[in-house]
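First up is the structure itself, then whatever we jot down about it.
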Amino acid sequence: MSATVLDGKNADAVAQAARVIAEGSALVAIPTETVYGLAANALDEVAVARIFAAKGRPADNPLIVHVPTWQRALPLWAHDDARALGRARLLADACWPGPLTIVCWRSVAVPDLVCAGLPKVAVRAPRHPVLDALFALLDLPIAAPSANASGRPSPTCADDVLASLGDGVALVLDGGPCAHGIESSVVDVTGEHPVLLRPGAIGVAELRALVPDLVVRAPGRAAHGDEASPGLRHRHYAPALARVRRADLAGLRAAWPGTATLLVRAGTAGALRQALGARAAPTHLLDDDPAGFARGLFAALYRIERAQPAELVIEEPPDDERWLAVRDRLLRATS
Ligand code: AMP
Ligand code: MG
């Protein structure tokens, strides 16, 4: 049985998705402003188990729970740590609805499986008109990791959900391409200082303006953070290609033009073409700025995957905090 794709702008389609989620009979892929999510009722342990099975997700990698408002997040969190909850409130007031996930102590309402047995739960309020319509019909928190098979790039359009999950999903609500195209930033508010567990769609500078003592680790240097954010332990974001590597400008020059397909910033491609001549290398372009690069990255990986080049070389972006989220994804896509 193959997945049904329905237009998320259609009220009947949203009603059907709400019914499937409420019944817990199957999984629904939903659009968000970050990436597509694979959704189930977060309070239904059987439905949540289906998410892990469909993705082949390790049971030690907890899920993000989606709610429409701060009020609807409150029952999911324990209320005895006033400092933690106060920080959560401050961040949510500034960033919700939006691409910030807040990790705080969990309440007894949240099933163990959602949190991978951890004492905390990750919650966010997404910003998307299709989800506004869905939540208007559904008085439930929605557990939704990215709608890809575990280890693969996150899908940012309905076609890429199908490419990654195939029959693992019953229904896809098509909300068009995702505005950010990269996952939410994840901040744990329970410790002495708030900790950025995963860099994402909200930049570090923006988060520091809200919580100046935010602890930020270099990508791939999350030895301690591995315990705090189990998801970072696993290989992730990798396209199904024989060979994928990152390269700086010298590496790109060596690969241009050649047998490899290149994924580079538009400005870099222009400079390479000028320096090395007009002979075409198979090249896919991304925007020059971090937000634009992030928006196009996962879609480009799925597009390139369909052509199955022998090798993909991806431009290494600048070692600059504004590129932290992109560098994190590339590091893990190519390791
Ligand atoms: P994904 O749903 O695939 O985008 O990944 C969710 C991310 O949120 C992973 O990196 C998890 O490690 C992180 N996360 C989710 N729940 C928790 C939690 N309870 N504690 C710490 N990190 C979490
Ligand atoms: Mg994911």
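The values are calculated or read from the model by the stated rules, or taken from the named source; none is laboratory data. For clarity, every value in this text was computed on a predicted model and none was experimentally measured. Positions of Cβ are generated from backbone atoms using ideal geometry, with glycine treated the same way; all protein chains shown enter the neighbour counts.
Could you check, for the stretch 90-110, whether at least one of its residues is assigned to a helix (DSSP H, G or I), within 16 Å of ligand 2 (Cβ to nearest atom) and either in contact (Cβ under 8 Å) with a residue 60 or more places away in the chain or on the phi < 0 side of the Ramachandran plot (or both)?
Taking every residue of the stretch 90-110 in turn, none turns out to be assigned to a helix (DSSP H, G or I), within 16 Å of ligand 2 (Cβ to nearest atom) and either in contact (Cβ under 8 Å) with a residue 60 or more places away in the chain or on the phi < 0 side of the Ramachandran plot (or both).
For the stretch 19-40, how many residues are under 27 Å from A201 (Cα atoms) and surrounded by fewer than 19 Cβ atoms within 10 Å (Cβ to Cβ)?
0
Does L301 fit the bill of being assigned to a helix (DSSP H, G or I), within 16 Å of ligand 1 (Cβ to nearest atom) and under 18 Å from P219 (Cα atoms)?
Answer is no for this residue.
Scan the stretch 12-53 for residues that are part of a helix (DSSP H, G or I) and either in contact with a helix residue (DSSP H, G or I) (Cβ under 7 Å, 6 or more places away or on another chain) or among the charged types (D, E, K, R) (or both) and jot them down.
At the first step, the residues of the stretch 12-53 found to be part of a helix (DSSP H, G or I) are 12-23, 45-53.
Correct list: D12, V14, A15, A17, A18, R19, E23, E45, V48, A49, R50.
To keep it simple, each residue is scored yes or no on (1) in contact (Cβ under 8 Å) with a residue 40 or more places away in the chain; (2) within 13 Å of ligand 1 (Cβ to nearest atom); (3) among the charged types (D, E, K, R).
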residue	(1), (2), (3)
G168	yes, no, no
D174	yes, no, yes
D188	yes, yes, yes
G200	yes, yes, no
A209	no, no, no
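Take the stretch 246-282 and flag every residue that is within 25 Å of the chain's Cα centre (by Cα) and crowded, with 16+ Cβ neighbours inside 10 Å.
R246, A247, T261, L262, L263, V264, R265
So which of V216, V195, V161 is β-branched (V, I, T), under 20 Å from the mean Cα position of the chain (by Cα), closer than 25 Å to L43 by Cβ and modelled with pLDDT of 95 or more? Spell out how you get there, then give the answer.
Details: V216 fails: closer than 25 Å to L43 by Cβ; V195 fails: closer than 25 Å to L43 by Cβ.
Checking each option against the conditions leaves just V161.
Among the residues of the stretch 167-178, are any of a type in the set (D, E), touching a Leu at 6+ places or on another chain (Cβ under 8 Å) and under 30 Å from A291 (Cα atoms)? First the steps, then the outcome.
Keep residues of the stretch 167-178 that are of a type in the set (D, E), which gives 167, 174.
Those left that are additionally touching a Leu at 6+ places or on another chain (Cβ under 8 Å): 174.
Next, from what is left, pick out any that are under 30 Å from A291 (Cα atoms): 174.
Yes, some residue in the stretch 167-178 is of a type in the set (D, E), touching a Leu at 6+ places or on another chain (Cβ under 8 Å) and under 30 Å from A291 (Cα atoms).
Between a residue in the stretch 135-148 that is closer than 20 Å to D12 by Cβ and at pLDDT below 95 and any residue that is assigned to a strand (DSSP E or B) and within 10 Å of ligand 2 (Cβ to nearest atom), which pairs come within a Cβ distance under 6 Å, given they are 6 or more apart or on different chains?
none
Take the residues in the stretch 64-89 that are surrounded by fewer than 17 Cβ atoms within 10 Å (Cβ to Cβ) and part of a loop (DSSP other than H, G, I, E, B), then tell me which one is nearest to ligand 2 (Cβ to nearest atom).
T69
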